[in-house]
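Here is the structure we will look at, set down as structure tokens.
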């Protein structure tokens, strides 16, 4: 037990020493004095070595001078210390196995026993769930880590005492996602070539607005989705890849009076270099980042039951094609008051040819401003303006609302 505690303390001490190395001390390793003023400065030729020192804890702790790698002597010192720690850790593992010998049937040491004995906590897997604003869930893979800059599900309530009216709104989408290639074997990955990732995402989308004084202004959309996404890498020299999505939806309302079936296919280019469907600084070292998402969209729609919708009729059948363009802007540096602020906008233009029915084209756009209330971007105060034909039902909307949004 004494050995176990001792090696744990030494490991923590070494980790702390490396992590706590003063930045100024590291900078001075690559600095030289100005012959005229005597002030220190970092020559540009030392930038590569300094960049490596600042990002390599081992080099920062054991290296000397401004070098991008350890010398033979420095490497030997590092290896000697590691051998001592490894030797003590080995004795600890043997001691743990001997202590639990009567409890285990396996020839070695069960991982859960080792984990509890060494005080190691298993890393919690992220919940495979996305909560976002309605009509904004496109690329599942791009949204998983985009809480700070994404638009969340929003709730708002307005009480008009003068006109004795109440306005309530609940708008958002909840998707679960499953990566089919997580932990896949090489043979499995060969089976989906040339694609490198395949994601399946069932979800529900809701857009509910209630105007107590005028029910004709209500919005009532409830949509169930099954989305699949395939990632196709492009040539390395092109810096582009492609996302292909195929989905099937059934759009209804909160009482199930409406039933509209929709199938669609999409293509979305991705480039980390040019900020297309990926966050990117506005310019070199800019304190502002942006993301632009262009999507080519094709859809077919069948109205089985129009319900209370007046813009479509039972039996209508539509084909549409067009683009969905969205963009977001957020701050990565600058005054702290600006860091939580995000701005986004979306525009849809779908041209339709109808086998039957009068509604053909879909025009829709919305603008969002959000101020995150926590550092992870899970909650925000949001202002949203929408205008056009609501995706999913085609119902005409024109509204502005503020409220509390939730993102995950």
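The values are calculated or read from the model by the stated rules, or taken from the named source; none is laboratory data. No experiment lies behind these values; they were computed from the predicted model shown. Cβ coordinates were reconstructed from backbone atoms using ideal geometry, including for glycine residues, and neighbour counts include every protein chain displayed.
Can you pull out every residue in the range 204-241 that is part of a loop (DSSP other than H, G, I, E, B) and under 16 Å from residue 157 (Cβ atoms)?
Result: 212, 213, 218.
What about residue 53, is it assigned to a helix (DSSP H, G or I) and either modelled with pLDDT of 85 or more or surrounded by 15 or more Cβ atoms within 10 Å (Cβ to Cβ) (or both)?
It is true that residue 53 is assigned to a helix (DSSP H, G or I) and either modelled with pLDDT of 85 or more or surrounded by 15 or more Cβ atoms within 10 Å (Cβ to Cβ) (or both).
For residue 243, state whether it is within 22 Å of residue 327 (Cα to Cα), buried (at least 17 other Cβ atoms within 10 Å of the Cβ) and touching a residue at least 24 places away in the same chain (Cβ under 8 Å).
yes
Inspect all residues belonging to the range 163-185 and state whether any of them is in contact with a helix residue (DSSP H, G or I) (Cβ under 6 Å, 6 or more places away or on another chain) and assigned to a loop (DSSP other than H, G, I, E, B).
Checked the range 163-185: at least one residue is in contact with a helix residue (DSSP H, G or I) (Cβ under 6 Å, 6 or more places away or on another chain) and assigned to a loop (DSSP other than H, G, I, E, B).
Check the range 372-384 and report whether any residue there is at positive phi and under 25 Å from the mean Cα position of the chain (by Cα).
Yes, the conditions are met somewhere in the range 372-384.
Within the range 135-155, is even one residue within 21 Å of residue 384 (Cα to Cα), modelled with pLDDT of 75 or more and out of contact with any strand residue (DSSP E or B) (no Cβ under 6 Å at 6 or more places or on another chain)?
Checked the range 135-155: at least one residue is within 21 Å of residue 384 (Cα to Cα), modelled with pLDDT of 75 or more and out of contact with any strand residue (DSSP E or B) (no Cβ under 6 Å at 6 or more places or on another chain).
Name the pairs: first residue in the range 115-134 and outside the structural domain of residue 201 (by TED's automatic domain parsing) and at pLDDT below 70, second residue assigned to a loop (DSSP other than H, G, I, E, B) and surrounded by 10 or more Cβ atoms within 10 Å (Cβ to Cβ), Cβ to Cβ under 6 Å, at least 6 apart or on different chains?
Going by the 6 Å Cβ cut-off, there are no qualifying pairs.
Please count how many residues of the range 251-261 are within 14 Å of residue 314 (Cα to Cα) and under 32 Å from the mean Cα position of the chain (by Cα).
Qualifying residue count, the range 251-261: 5.
Rundown of residues vs (1) modelled with pLDDT of 80 or more; (2) surrounded by fewer than 12 Cβ atoms within 10 Å (Cβ to Cβ); (3) in contact with a helix residue (DSSP H, G or I) (Cβ under 8 Å, 6 or more places away or on another chain), yes/no style:
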{"site": "66", "(1), (2), (3)": "yes, no, yes"}
{"site": "71", "(1), (2), (3)": "yes, no, no"}
{"site": "75", "(1), (2), (3)": "yes, no, yes"}
{"site": "80", "(1), (2), (3)": "yes, yes, no"}
{"site": "83", "(1), (2), (3)": "yes, yes, no"}
{"site": "91", "(1), (2), (3)": "no, no, yes"}
{"site": "97", "(1), (2), (3)": "no, no, no"}
{"site": "100", "(1), (2), (3)": "no, no, yes"}
{"site": "103", "(1), (2), (3)": "no, yes, yes"}
